[in-house]
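S.K.: Starting off with a structure, shown below.
The values are calculated or read from the model by the stated rules, or taken from the named source; none is laboratory data. In this text the structure is predicted, and so the values were computed from the model without any measurement. All Cβ positions, glycine included, derive from the backbone under ideal geometry; neighbour counts span all protein chains shown.
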Amino acid sequence: MIVFYGPYSSKLGEKMAKQLNAKSMGIEHKIFPDGESYIRVPINVKGENVLLIQSTYPNQDKRIIELLLMIDALKDLGAEKVKVIVPYMAYARQDARFREGEAISIRTILKLIEAAGADEFFTVDIHKEFSLDILKIKAKNIMAVNAIAEFLRNMDLKSPFILSPDRGGLERARILGEKLGLEFGYFEKTRDRISGAITMRGEKIEFNGRDVVIVDDVISTGGTIATACRIAKEGRAGKVIAICTHALLINNAVEKMRLAGVDDIIATDTVEGEFSKITVAHLLAREVQ
Ligand code: R5P
């Protein structure tokens, strides 16, 4: 098996290859002056089983086009099987027609990945697992919660409370809480579909100095975590730790969370960056063998 990685997934690709004891290599890529993407598979892949890993952030549209070009090139060059791993699947939050006339973006992207020739598809903590139902090929969503639990177990926290900032993430908080034997709960969040503004109501939780771990799938603008942190602090939370699978951290997200009182930001390496302290390499390697 050969592990190929695209731009921005090199560290995770190398780690996975190590776990799998497989050869690994970056796919050649560049961007032409007019913005078009160029892709080249650097070795002969005829008859090979290939693992292709490419996250779709930053610059989602570019990463998706590259992904499609890479899959199609690998198949066209004779790869026997192409298993595609997209650690962070962009567009997954648009999984329904929330307003009349909207594109159901994640469905379109997944259909394109399948049409390009992917034989199997793996992702991590996709916003809603049902999105994968559109695929006819084998598809699996891998939960990062085991890796997150391992990390939290080794942190020195004071009687931590696991908090989901919205009802949608309660299942994640529950699994994490149960794995670690910790209390968990959630806030109620609504987002204005046009302005994007969020409103959050916290069930009255009195933290009495206990540390609070806010867990979410994505941190994008940091608004959700900042709001949840403020409510937690009003409930006399001790330290507040923000932990997520995919840290996009748009613009001043980090500053926004820090100003709200977040003490630590921790993420996995589905999006590689300053805060990706938890690796999902072993979870992915286990699934794709
Ligand atoms: C939404 O339902 C997601 O689970 C996250 O809570 C959301 O995407 C975070 O976005 P932001 O950081 O912009 O508030």
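S.K.: Could you look through the range 225-245, keep only residues that are near the ligand (Cβ under 9 Å from one of its atoms) and under 18 Å from the mean Cα position of the chain (by Cα), and pick out the one that is nearest to Glu188 (Cα to Cα)?
M.R.: Only one residue fits best here, namely Ile225.
S.K.: Being hydrophobic (A, V, I, L, M, F, W, C) and free of Cβ contacts under 8 Å to residues at least 40 places away in the same chain is the filter; apply it to the range 1-42 and report the residue that is surrounded by the fewest Cβ atoms within 10 Å (Cβ to Cβ).
M.R.: Here the answer is Phe32.
S.K.: Okay, next question. Of all residues in the range 175-193 being away from the ligand (no atom under 15 Å from the Cβ) and without any contact (Cβ under 8 Å) to a residue 12 or more places away in the chain, which is nearest to Ala96 (Cα to Cα)?
M.R.: Top of the filtered list is Glu178.
S.K.: Which of the residues spanning the range 40-63 are in a strand (DSSP E or B) and either closer than 20 Å to Leu110 by Cα or within 22 Å of the chain's Cα centre (by Cα) (or both)?
M.R.: Across the range 40-63, the qualifying residues are Val50, Leu51, Leu52, Ile53.
S.K.: Moving on to the next point. Can you give me the number of residues within the range 142-185 that are closer than 16 Å to Ile265 by Cα and polar (S, T, N, Q)?
M.R.: Residues that pass the stated criteria total 2.
S.K.: Now for a separate question. Confirm whether Leu284 is touching a residue at least 24 places away in the same chain (Cβ under 8 Å) and not assigned by TED's automatic domain parsing to the domain that holds Leu157.
M.R.: Against the criterion (touching a residue at least 24 places away in the same chain (Cβ under 8 Å) and not assigned by TED's automatic domain parsing to the domain that holds Leu157), Leu284 qualifies.
S.K.: In the set Gly202, Gly261, Gly222, which member is more than 10 Å from the ligand (Cβ to nearest atom) and modelled with pLDDT of 95 or more?
M.R.: After applying the criteria, what remains is Gly261.
S.K.: Oh, and also: At least 2 residues that are touching a Phe, Trp or Tyr at 6+ places or on another chain (Cβ under 9 Å) in each: list the helices (runs of 4 or more DSSP H) lying fully within the range 222-289 that qualify.
M.R.: Once the helices (runs of 4 or more DSSP H) in the range 222-289 are filtered for at least 2 residues that are touching a Phe, Trp or Tyr at 6+ places or on another chain (Cβ under 9 Å), what remains is 223-234, 281-288.
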